[in-house]
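Enquirer: Here it is, the structure, as structure tokens.
The values are calculated or read from the model by the stated rules, or taken from the named source; none is laboratory data. All figures in this text were calculated on a predicted structure; none of them were measured in a lab. Virtual Cβ from ideal backbone geometry, glycine too; neighbours counted across all protein chains shown. All accessible areas refer to the heavy atoms of the entire protein, side chains included, with ligands and DNA or RNA removed. Shrake-Rupley method; radii C 1.70, N 1.55, O 1.52, S 1.80 Å.
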Amino acid sequence: MLTKFIIAGTVYLAILIFLVRITRVKEKTTSNYLLGGGNVGFVIGLFTTAATLFSAFTVIGMPDFFRTHGVGAWIFLAVSDAMMVYGLIRVGELLRRKARKLEFKGMSGLMATTYKTKLAGYVAFGGAVVFLIPYIAVQISGISIFLNAAFPDAIPVWGWSVMIVAIMILYSETGGLRAIMYNDTLQGILLFIMIWIVGYNCINHFGSIESMFKKVETINEELLSVPGPKGLFTPQFLLISAIAIICLPFTQPQISTRVVIMKSSSALRKMAIGLGVVAILIILPTLFMGMYGAVLYPDASTQDFIGHVLLHDQASSVAALGLVGLIAAAISTSDSQIFALGSELRSLLSIDDKKAVSLTRLFIFIFGILALIFSIVSTEHLVLLARTSFTGTAMMAPMILVGILSAKKLSKLMPIATLIALLVFILAKLGVLPVKIGALQIELVLFIFLAIAVVVETVVLKKTDVETTL
């Protein structure tokens with residue numbers, strides 16, 4: 001398998017080099033380097049957005065999530081993705097119009113302009129950094145551990161991490177956003193093919209989907225219902241997770257940037273609908289993989305289970321393709337997120353464009369090094385950390401949505417309330433503050449707090465403005 005992996009990896013690297021050469025920009029400006037020219041079509045827009053959403057945690061984390069907690073994950077993911085698509089269509093066009101009117105450079109800068117205070121921009125940028133860097137790091141760490149398990153005598157785990165981050169930074173620094181989007185398209189196609197081959201093989205082991213579920217029922221009937229064998233899928237968990245997923249297009253900067261740079265309203269709508277379809281088609285085979293593991297490897301560790309389902313139980317050519325697909329997924333999503341953090345920083349800079357882009361490129365390198373350091377020491381479960389990342393950035397959604405949708409002069413209430421919510425959420429995750437208040441999870445309490453702030457900002461303060469004017 002090592003020989004086939006080297007061949008497949010070499011082909012993949014050759015394609016990356018080719019994409020860099022055809023997309024490289026000599027004169028790096030905010031428009032052509034950080035925003036990819038701002039004129040993206042439906043096909044590239046669909047694949048690049050999908051690739052930033054579905055990555056290493058999808059291939060490694062979701063099968064183990066289904067294996068451990070059951071099919072309840074499918075229920076809330078399907079509903080949440082459908083609602084996310086609806087929100088993307090309804091609000092995405094408003095974001096696109098407002099962003100282009102205000103010369104969009106990043107969501108942080110847009111919030112600073114909309115609220116007319118740098119505080120809003122700093123809150124948006126700080127929240128993105130705090131929750132995306134660990135998420136990026138765990139993807140890198142997960143792939144590195146997996147590669148080390150596949151080739152234990154090659155290089156250590158940290159060596160794989162360094163190699164992945166080096167490719168990621170070099171590619172991002174050289175090609176810019178357009179190169180990243182083309183890589184996303186390549187990764188998306190590769191991931192889709194690989195995950196369906198493995199998923200089909202898992203079904204084929206049982207003979208049919210019906211036989212697979214019947215076998216799972218004999219092993220652990222609780223896997224086929226909510227709240228699952230470990231009681232994870234409670235109403236609060238499902239609600240909090242749904243909110244986090246629905247808000248992704250506006251709270252994750254790598255996605256919101258892609259929404260803004262779509263070339264037309266029609267392209268945006270097609271991209272949103274296509275994203276919903278792709279989401280279902282990518283997550284579905286991970287369900288088959290999870291049920292396969294629930295029957296054959298119910299007590300195995302995550303690493304052993306994934307090692308079997310992706311490597312040892314597959315033909316060597318499929319296993320090699322799977323390894324390359326995992327590396328591509330990790331690089332594609334991680335470089336998109338790190339590049340987005342650089343773009344967010346640039347949107348807050350009020351200096352000459354050329355100097356701002358140069359400083360942004362420096363910080364893209366710094367963000368990459370931070371992710372590398374974090375990846376070497378991180379061990380948290382991929383899916384649950386992804387959920388923590390999504391939920392953390394979702395705390396910024398009320399502030400961002402008010403900024404997008406409101407046409408009136410806004411106060412500092414939403415940035416301040418959002419900052420408080422982010423600090424409380426972080427302290428709760430660190431164990432300094434309780435994770436529950438009464439019967440409610442802290443995330444739900446904070447969403448209620450932010451909802452009240454939205455009402456005060458949009459109703460009470462708006463009424464006060466009107467009365468003052470009269």
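Enquirer: Can you give the charge dipole size of segment 174-253 about its Cα centre, rounded to the nearest 20 debye, using +1 on the beta carbon of Lys and Arg and -1 on the beta carbon of Asp and Glu?
Expert: In debye, rounded to 20, segment 174-253 gives about 180.
Enquirer: On C-alpha positions alone, give me the angle between the axis of helix 72-101 and the longest principal axis of the chain, in degrees, nearest 10.
Expert: On a 0 to 90 degree scale, this one is about 40.
Enquirer: Please report, as a whole percent, how much of the solvent-accessible surface of the chain comes from carbon and sulfur atoms (probe radius 1.4 Å).
Expert: So the carbon and sulfur contribution to the accessible surface is 68 percent.
Enquirer: Starting at the first residue of segment 102-110, write each ³J(HN,Hα) from the Karplus equation 6.51 cos²θ - 1.76 cosθ + 1.60 with θ = phi - 60°, in whole Hz, x for Gly and Pro.
Expert: For segment 102-110, the Karplus-derived couplings read 9, 6, 4, 10, x, 5, 4, x, 5 Hz, x marking Gly and Pro.
Enquirer: Between (1) 20.8, 66; (2) 22.0, 78; (3) 62.8, 196, which entry matches Rg and Dmax of the Cα atoms in Å as derived from the coordinates of this structure?
Expert: For Rg and Dmax of the Cα atoms in Å, the calculated option is (2).
Enquirer: From the phi of every residue in segment 350-360, what ³J(HN,Hα) in whole Hz does the Karplus formula 6.51 cos²θ - 1.76 cosθ + 1.60 yield, where θ is phi - 60° and glycine or proline is x?
Expert: Once rounded to whole Hz, the list reads 10, 10, 3, 4, 5, 5, 5, 5, 4, 5, 5.
Enquirer: On a 0 to 90 degree scale, rounded to 10, what angle separates helix 265-296 from the longest Cα axis of the chain?
Expert: 40
Enquirer: Going by amide H atoms built from the backbone, whose H comes under 5 Å of the H on Met262, apart from near neighbours?
Expert: Those qualifying (amide H under 5 Å, at least 5 residues apart or on another chain) are Val40.
Enquirer: Bin all alpha-carbon pair distances of segment 38-115 at 5 Å intervals from 0 and give each bin's fraction as a whole percent.
Expert: Going out from 0 Å in 5 Å bins, segment 38-115 shows 3, 11, 14, 20, 17, 13, 10, 7, 3, 0 percent.
Enquirer: So what J values fall out for segment 144-153 if you push phi through Karplus, 6.51 cos²θ - 1.76 cosθ + 1.60 with θ = phi - 60°, rounded to Hz, Gly and Pro as x?
Expert: 5, 4, 5, 5, 5, 5, 6, 10, x, 9
Enquirer: Please report, in debye to the nearest 20, how large the charge dipole of segment 100-219 is about its Cα centre when each Lys and Arg carries +1 at its beta carbon and each Asp and Glu carries -1 there.
Expert: It works out to roughly 620 debye.
Enquirer: Okay, next question. Please report the net charge: other residues with Cβ closer than 15 Å to the Cβ of Val424, K and R +1, D and E -1.
Expert: +1
Enquirer: Now for a separate question. Could you list the trypsin sites (Lys or Arg not before Pro) in segment 150-217 that lie in coil according to DSSP, counting only those with at most 12 other Cβ atoms within 10 Å of their Cβ?
Expert: When the trypsin sites (Lys or Arg not before Pro) of segment 150-217 are filtered for loop state and at most 12 Cβ neighbours within 10 Å, nothing remains.
Enquirer: Continuing with this model, one more query. In the neighborhood of Phe305, defined by Cβ-to-Cβ distances under 12 Å, what is the net charge if each Lys or Arg adds +1 and each Asp or Glu adds -1?
Expert: -3
Enquirer: Could you give the size of the charge dipole of segment 34-186 about its Cα centre, using +1 on the Cβ of each K and R and -1 on the Cβ of each D and E, expressed in debye and rounded to the nearest 20?
Expert: 860
Enquirer: Ordering Lys408, Lys4, Lys116 by accessible area with a probe of 1.4 Å, largest first, what comes out?
Expert: Lys116, Lys4, Lys408
Enquirer: Considering all alpha-carbon pairs of segment 117-168, what whole percent are spaced by more than 18 angstrom?
Expert: It works out to 46 percent of all Cα pairs.
Enquirer: Follow-up. What does the charge count near Gly293 come to, summing +1 for each Lys or Arg and -1 for each Asp or Glu among other residues with Cβ under 14 Å from its Cβ?
Expert: It works out to a net charge of -2.
Enquirer: For segment 1-134, what is the largest minus smallest coordinate of the Cα atoms on each principal axis, given in angstrom and ordered from greatest to least?
Expert: 56, 46, 30
Enquirer: Of the listed peptides 7-15, 189-197, 353-361, what is their order by residue-averaged count of other C-beta atoms within 10 Å, with the highest listed first?
Expert: 189-197, 353-361, 7-15
Enquirer: Taking only DSSP H segments of four or more residues, each worth -39500 (n - 2.57), what value at 222 nm results for the chain once the sum is divided by all its residues, to the nearest 500 deg cm²/dmol?
Expert: -25500 deg cm²/dmol
Enquirer: Oh, and also: In the full protein assembly as shown, how much of Leu423 is accessible to a 1.4 Å probe, in Å² to the nearest 10?
Expert: About 100 Å², rounded to the nearest 10.
Enquirer: Continuing with this model, one more query. Cα axis of helix 235-246 to longest principal axis of the chain: angle in degrees, 0 to 90, nearest 10?
Expert: Its long axis makes an angle of about 70 degrees.
Enquirer: Within straight cross-link reach of Lys98, meaning Cα distance under 28 Å, which lysines are found once same-chain residues fewer than 8 apart are removed?
Expert: Those lysines meeting the cut-off are Lys28, Lys116, Lys118, Lys263, Lys270, Lys354, Lys355, Lys408, Lys409, Lys412, Lys462, Lys463.
Enquirer: Whose amide H sits under 5 Å from the amide H of Lys105, counting only residues 5 or more places off or on another chain, with H placed in the peptide plane?
Expert: Under 5 Å from the amide H of Lys105 lie the amide H atoms of Leu110, each far enough along the sequence or on another chain.
Enquirer: When ligands, DNA and RNA are left out and all protein chains stay put, how many square angstrom of accessible area per residue does the chain have with a 1.4 Å probe?
Expert: That works out to 41 Å² for each residue.
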